[in-house]
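Below is one structure, written out as structure tokens; the observations come after it.
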Amino acid sequence: MSTHTSERVRSASPGRSNGQWLVDGHAPLNHNEEFKGVENPLNVRARIDEYARQGFDSIAEDDLYGRFRWLGIYTQRKQGIDGGRTGTLSAEELSDRYFMMRIRVDGGRLTTEQTRVIAGISNEFARGTADISDRQNIQLHWIEIESVPEIFRRLESVGLSTTTACGDTPRVFLGSPVAGVAADELIDSGPVLESITSRYLGSEEVANLPRKFKTSVTGNPSLDALHEINDVSFVAVEHPELGIGFDLWVGGALSTTPRLSERLGAFVTVEQVPDVWFGVVRIFRDYGYRRLRNKARMKFLLADWGPEKFRQVLQDEYLGYELADGPAPKPATGSADHVGVHEQKDGRLYVGLAPTVGRISGDVLAGLADAAEAAGSERLSLTPHQKVVVLDVDPARLDAFLAAVEPLGLTATPSPFRRHTMACTGIEYCKLAFVNTKDTARTVIGELEKRFDGETIDTPITLHVNGCPNSCARIQTADIGLKGQLMKSKDGADEFAYQVHLGGRLAENQNGEPGFGRTVRGLKVSADDLPDYVERVVRSFLAERDGAETFAEWAHRAEEDSLK
């Protein structure tokens, strides 16, 4: 099984400008680079109030479809446009006069006060929408430009923002949802993450990158922050001489050309983390390929350079000192989604709750804040698995807390299918999607819960549903990954369908060596047939597995007939 896709990443063309600033100069080679070169895109914030006064039609095109992303704002998909037109219409034709807004929640950590503020914004300005993304954000929909200044004011009043939640910037930082409370953590990674964001979030020096840049920091032995699929990751390890610090990984990303990140073999002390992060992101800024958007992620630079050169450039040109060699992380232990009831290091509890595919609402957020405070808690965390963890629960109030959140659609004891299924936004709001994802996933979960009622599935089987090839829901690393596309029905009409990836895994899954799922030749499954298909392949696994074999191990050795 391939763990990297270097062979699929074409090298930069020799003798031709690829838009690398320190090689080719700063001359823009496409329109994205042009509008970023005119001014710092974050400057669009100064125009928001005027746009809000004058209305949607007053918004300049480069702000609307470009710079607004630096404030976490995208136009959402116009309602009623079917998936067959996704690839043929322009951004203007696909876009509604409403926005998706992504609230940045670094490390997923929220206070109950912040949660209530988001709930109020959701109910007052976003038609009650609120989705937990698999990047530990909250996403709202139906936002009107006239409401944006007030939303920003409310968010900032409680220390939240949307700054660089989208755009060619350092996106939200993934972190362990249970940092500082987990009894088995190597180190509290919360202050480490904060040391980076406090110095560099919103900095003009990193506001114009070739494309998006994703960061992960964890000190938890469950490896719960997806270090293999981020541009830069810091994973806690214990050095035999230097103590607890971090192992450095770079160059991971999925989308249409997936690549797992690679270890640089470098040990980073706690004190060195901000400088090393800043060095890595500036390498991407200065050497990343800007000519073509589909080659502008850092994974392409790493594929060309290799980890040895990358580390040398980092040390020689950006740090001015050598990093110590260090050990690799140990195999993952524990559950990376943190669902269930767990004892904290201080004797209180953290409780991981599962909504259905991350879909909640303003009312749910408000009710969750109330339930948390009644249980003695004032803080919670969002997870990269579309779950929510309430911290600091008083053990004496646990039963009352669990009873209070159950009517909100949140449970600490979900079915295996509800627990391990994720879905991206899909055609409901996303301009890139071909198919419905959230509703499809909910239907599949409900059917599987009925069909497997009373049966025991003693190993996690992850099911990820994505609306397009871009893999926001991480289809290549799921046990069962479903990539949305269209197929023709018997009467010749377009219908929702999915290409199937089987047997993907990351270190957090405890499924052996990380790698991507395999595709089955010619296999497309319609949305209507998905419950039957997933039931069939799960039953084939349960019947054919060898002892404690995981789904991923079985899927990579099974005959294709067992996978159809």
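The values are calculated or read from the model by the stated rules, or taken from the named source; none is laboratory data. Here the structure is a predicted model, which means the values were calculated and not measured. Don't worry about glycine lacking a Cβ; one is built from the backbone with ideal geometry, like all the others, and counts go over all protein chains shown. Surface areas here come from the heavy atoms of the whole protein model, side chains and all, with no ligands, DNA or RNA. Shrake-Rupley method; radii C 1.70, N 1.55, O 1.52, S 1.80 Å.
Considering the stretch 518-564 alone, what residues qualify as being under 21 Å from Leu254 (Cβ atoms) and open to solvent by less than 20 Å² (accessible area, probe 1.4 Å)?
Once the filter is applied, which keeps residues that are under 21 Å from Leu254 (Cβ atoms) and open to solvent by less than 20 Å² (accessible area, probe 1.4 Å), the stretch 518-564 yields Val520, Val525, Thr550, Phe551, Ala552, Ala555.
Would you say Thr5 is surrounded by 13 or more Cβ atoms within 10 Å (Cβ to Cβ), modelled with pLDDT under 95 and of a type outside the set (Gly, Ala, Ser)?
On the way: surrounded by 13 or more Cβ atoms within 10 Å (Cβ to Cβ): yes; modelled with pLDDT under 95: yes; of a type outside the set (Gly, Ala, Ser): yes.
Yes.
Yes/no matrix, rows are residues, columns are (1) farther than 18 Å from Leu380 by Cβ; (2) in contact with a strand residue (DSSP E or B) (Cβ under 6 Å, 6 or more places away or on another chain):
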{"residue": "Phe173", "(1), (2)": "no, yes"}
{"residue": "Val178", "(1), (2)": "no, yes"}
{"residue": "Val181", "(1), (2)": "no, yes"}
{"residue": "Leu186", "(1), (2)": "yes, yes"}
{"residue": "Glu194", "(1), (2)": "no, no"}
{"residue": "Ser198", "(1), (2)": "yes, no"}
{"residue": "Gly202", "(1), (2)": "yes, no"}
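Tell me the residue from Gly84, Gly80, Gly37, Gly19 that is open to solvent by 30 Å² or more (accessible area, probe 1.4 Å) and not in a helix (DSSP H, G or I), please.
Numbers: Gly84 fails: not in a helix (DSSP H, G or I); Gly37 fails: not in a helix (DSSP H, G or I); Gly19 fails: open to solvent by 30 Å² or more (accessible area, probe 1.4 Å).
Sole residue among the options that is open to solvent by 30 Å² or more (accessible area, probe 1.4 Å) and not in a helix (DSSP H, G or I): Gly80.
If the Cβ limit is 6 Å and pairs must be 6+ apart or interchain, which residue in the stretch 71-97 that is more than 21 Å from Ala527 (Cα to Cα) pairs with which residue that is in a loop (DSSP other than H, G, I, E, B) and open to solvent by less than 10 Å² (accessible area, probe 1.4 Å)?
Leu71/Thr162; Gly72/Thr162; Gly72/Ala165; Gly72/Cys166
Give the residue, chosen from Thr164, Thr218, that is within 30 Å of Tyr51 (Cα to Cα), modelled with pLDDT of 95 or more and polar (S, T, N, Q). Explain how you work it out, then say what you get.
On the way: Thr218 fails: within 30 Å of Tyr51 (Cα to Cα).
Result of the check over Thr164, Thr218: Thr164.
For Thr519, indicate whether it is at pLDDT below 95, part of a loop (DSSP other than H, G, I, E, B) and closer than 30 Å to Ala225 by Cβ.
No; evaluated as a whole, the condition is false for this residue.
Can you run down the residue pairs with Cβ atoms below 6 Å, 6 or more apart or on separate chains, where the first is in the stretch 340-354 and at positive phi and the partner is open to solvent by less than 70 Å² (accessible area, probe 1.4 Å) and of a type in the set (A, V, I, L, M, F, W, C)?
If the second residue must be open to solvent by less than 70 Å² (accessible area, probe 1.4 Å) and of a type in the set (A, V, I, L, M, F, W, C), the pairs left are Gly340/Ala412.
Please give the number of the condition Pro407 fails out of (1) in contact with a Gly (Cβ under 6 Å, 6 or more places away or on another chain); (2) open to solvent by 30 Å² or more (accessible area, probe 1.4 Å); (3) more than 19 Å from Asn466 (Cβ to Cβ).
Single failed check for Pro407: (1).
Out of the strands (runs of 3 or more DSSP E) lying entirely within the stretch 189-275, which hold 2 or more residues that are small (Gly, Ala, Ser) and surrounded by 21 or more Cβ atoms within 10 Å (Cβ to Cβ)? If you could, list the steps in order and put the result at the bottom.
Details: elements: 213-218, 232-239, 243-250, 262-268.
Correct list: 232-239.
In this structure, is Asp131 acidic (Asp, Glu), within 18 Å of Glu428 (Cβ to Cβ) and either under 22 Å from the mean Cα position of the chain (by Cα) or buried (at least 22 other Cβ atoms within 10 Å of the Cβ) (or both)?
Details: acidic (Asp, Glu): yes; within 18 Å of Glu428 (Cβ to Cβ): yes; either under 22 Å from the mean Cα position of the chain (by Cα) or buried (at least 22 other Cβ atoms within 10 Å of the Cβ) (or both): yes.
Yes.
Can you name every residue in the stretch 452-477 that is of a type in the set (Val, Ile, Thr) and touching a Lys or Arg at 6+ places or on another chain (Cβ under 6 Å)? Show your work before the answer.
Filtering the stretch 452-477 for residues of a type in the set (Val, Ile, Thr) gives 456-457, 459, 461-462, 465, 475, 477.
Across the stretch 452-477, the qualifying residue is only Ile475.
Tell me, which residue of the stretch 104-128 that is over 21 Å from Ile59 (Cβ atoms) and β-branched (Val, Ile, Thr) is surrounded by the fewest Cβ atoms within 10 Å (Cβ to Cβ)?
Filtering the stretch 104-128 for residues that are over 21 Å from Ile59 (Cβ atoms) and β-branched (Val, Ile, Thr), the one surrounded by the fewest Cβ atoms within 10 Å (Cβ to Cβ) comes out as Thr111.
Give the number of residues within the stretch 131-153 that are of a type in the set (A, V, I, L, M) and in contact with a Leu (Cβ under 6 Å, 6 or more places away or on another chain).
Restricting attention to the stretch 131-153, the residues satisfying the condition of being of a type in the set (A, V, I, L, M) are 132, 138, 140, 143, 145, 148, 151.
Restricting the remaining residues to those that are in contact with a Leu (Cβ under 6 Å, 6 or more places away or on another chain) gives 132.
Count: 1.
So that you can scan it fast, the table gives a plain yes or no per residue for (1) modelled with pLDDT of 95 or more; (2) surrounded by fewer than 24 Cβ atoms within 10 Å (Cβ to Cβ); (3) in a loop (DSSP other than H, G, I, E, B):
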position	(1), (2), (3)
Pro414	yes, yes, yes
Arg418	yes, yes, no
Glu428	yes, yes, yes
Lys483	yes, no, no
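What is the residue count in the stretch 423-448 for residues that are in contact with a Gly (Cβ under 7 Å, 6 or more places away or on another chain) and more than 26 Å from Thr88 (Cα to Cα)?
0
When you look at Val465, is it touching a Leu at 6+ places or on another chain (Cβ under 7 Å), of a type in the set (Val, Ile, Thr) and either in a strand (DSSP E or B) or surrounded by fewer than 21 Cβ atoms within 10 Å (Cβ to Cβ) (or both), yes or no? Write out each step before concluding.
Numbers: touching a Leu at 6+ places or on another chain (Cβ under 7 Å): yes; of a type in the set (Val, Ile, Thr): yes; either in a strand (DSSP E or B) or surrounded by fewer than 21 Cβ atoms within 10 Å (Cβ to Cβ) (or both): yes.
Judged against the criteria, Val465 is a match.
Only one of (1) closer than 28 Å to Thr269 by Cβ; (2) in contact with a strand residue (DSSP E or B) (Cβ under 9 Å, 6 or more places away or on another chain) is not met by Ile360, so which one is it?
If we test Ile360 against (1) closer than 28 Å to Thr269 by Cβ; (2) in contact with a strand residue (DSSP E or B) (Cβ under 9 Å, 6 or more places away or on another chain), just (1) comes out false.
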